[in-house]
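Notes follow once the structure below has been shown.
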Amino acid sequence: MAQRIDGRAVADDVIASVKAGAASLAESSGVIPGIAVVIVGEDPASQVYVASKSRMAKECGFHSVQHTLPEDTAEDDLVALVETLNADASIHGILVQLPLPDHVDDGRIIQTIVPEKDVDGFHFINVGKLVTGETDSAFVPCTPEGSMLMIRRVLGDDLSGLSAVVVGRSNIVGKPMAHLLLAANCTVTIAHSRTKDLPALARTADILVAAVGRPEMVRGDWVKPGATVIDVGINRIDAPERGEGKTRLVGDVAYAEAEAVAGAITPVPGGVGPMTIAMLMANTLTSACRSAEVAPPKY
Ligand code: GUN
């Protein structure tokens, strides 16, 4: 039976370091980390994520502002808001919750955020720094960064020569995850919907990361015995066994099957999810430390 990787416990550790780091930054330089979260429209899932980001920022002792804009907000108005936040010295991290409404060009908005405040790590400058190994001055996207921290908690800091398969090639998770694993000297394969014989490829992985958004797609017989399995998926599915109209959350991995084969595995919920918010706080503190020319904590 696999070790269950407790994302809440690892996230609590990160948050404890962030709180201590924020307190010491305030004492040494008077700087309070500031985060601005921008949400456009009424998407209920996004509202829940954004509320928990703002709540956690306050708990960390940050200056936290939230801008909630109507669905029909014009793209130019959103650009203007981001430019105002770029120029606001009390704000060190800017997060524009995605997806944005269809009439807004996500790319234009993301590239308007100055790279120094792009705590999501989505700006081309931060993507380029990750790919070229300039991670000391980059921001790395929070979900892969948090996934990496959990992998290191299980396998230690030396991942050299391990075989890693990342299922999913999104800009938010799959691609940055693959680059982090490559930077850690893993042999990395990115798999996707066109990959041939995905189960056989997945079975070669010492580290298997599932980030496709398909409920329970990765089956137990896709997992190499003893592998470390990171499940990035958060899918809400019908759960008639819990009563009429009820739903439940599942990952991209069939947990019960995979748990019987893996060495370690993240559950859903309680795995990668809490880490994403924790790393957003960590990135915001890092940004504030850089602005004050103080060394940021390591996680
Ligand atoms: N929507 C889903 N995940 C994310 C994320 O990590 N950052 C932003 N900005 N939007 C998201």
Restricting attention to the range 261-299, which residues are open to solvent by less than 60 Å² (accessible area, probe 1.4 Å), of a type in the set (A, V, I, L, M, F, W, C) and more than 16 Å from the ligand (Cβ to nearest atom)?
261, 262, 264, 265, 285, 288, 289, 292, 294
Checked the range 92-103 for anything open to solvent by 20 Å² or more (accessible area, probe 1.4 Å) and either more than 13 Å from the ligand (Cβ to nearest atom) or among the hydroxyl-bearing types (Ser, Thr, Tyr) (or both); matches are 102, 103
(1) β-branched (Val, Ile, Thr); (2) more than 18 Å from the chain's Cα centre (by Cα); (3) away from the ligand (no atom under 16 Å from the Cβ): which one isn't true of residue 114, the others all being true?
(3)
Selection status of residue 213, within 16 Å of the ligand (Cβ to nearest atom) and more than 26 Å from residue 157 (Cβ to Cβ):
yes
Need at least 1 residues that are within 21 Å of residue 92 (Cα to Cα) and open to solvent by less than 60 Å² (accessible area, probe 1.4 Å) per element, so show me which helices (runs of 4 or more DSSP H) inside the range 104-215 make the cut, counting only ones lying wholly within it.
106-112, 124-132, 142-155
Could you tell me whether residue 68 is open to solvent by 60 Å² or more (accessible area, probe 1.4 Å), of a type in the set (S, T, N, Q), touching a residue at least 12 places away in the same chain (Cβ under 8 Å) and within 30 Å of residue 108 (Cβ to Cβ)?
yes
Pairs with Cβ under 7 Å, 6+ apart, first in the range 170-184 and within 15 Å of residue 128 (Cβ to Cβ), second surrounded by 18 or more Cβ atoms within 10 Å (Cβ to Cβ) and basic (Lys, Arg):
175/169
Name the residue that is farthest from residue 33 (Cα to Cα), counting only residues in the range 92-137 that are touching a residue at least 12 places away in the same chain (Cβ under 8 Å) and of a type in the set (Asp, Glu).
105
Identify the residue in the range 71-88 that is within 24 Å of residue 138 (Cβ to Cβ) and in contact (Cβ under 8 Å) with a residue 24 or more places away in the chain and, among all such residues, is most open to solvent (accessible area, probe 1.4 Å).
83
Residue 284 versus (1) touching a helix residue (DSSP H, G or I) at 6+ places or on another chain (Cβ under 8 Å); (2) assigned to a loop (DSSP other than H, G, I, E, B): which is the lone unmet condition?
(2)
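The values are calculated or read from the model by the stated rules, or taken from the named source; none is laboratory data. Please read these numbers as outputs of a predicted model, since none were measured by experiment. As a convention, Cβ positions derive from the backbone with ideal geometry for all residues, glycine included, and neighbour counts pool all protein chains shown. In case anyone asks, the SASA skips ligands and DNA or RNA and just uses the protein heavy atoms, side chains included. Shrake-Rupley method; radii C 1.70, N 1.55, O 1.52, S 1.80 Å.
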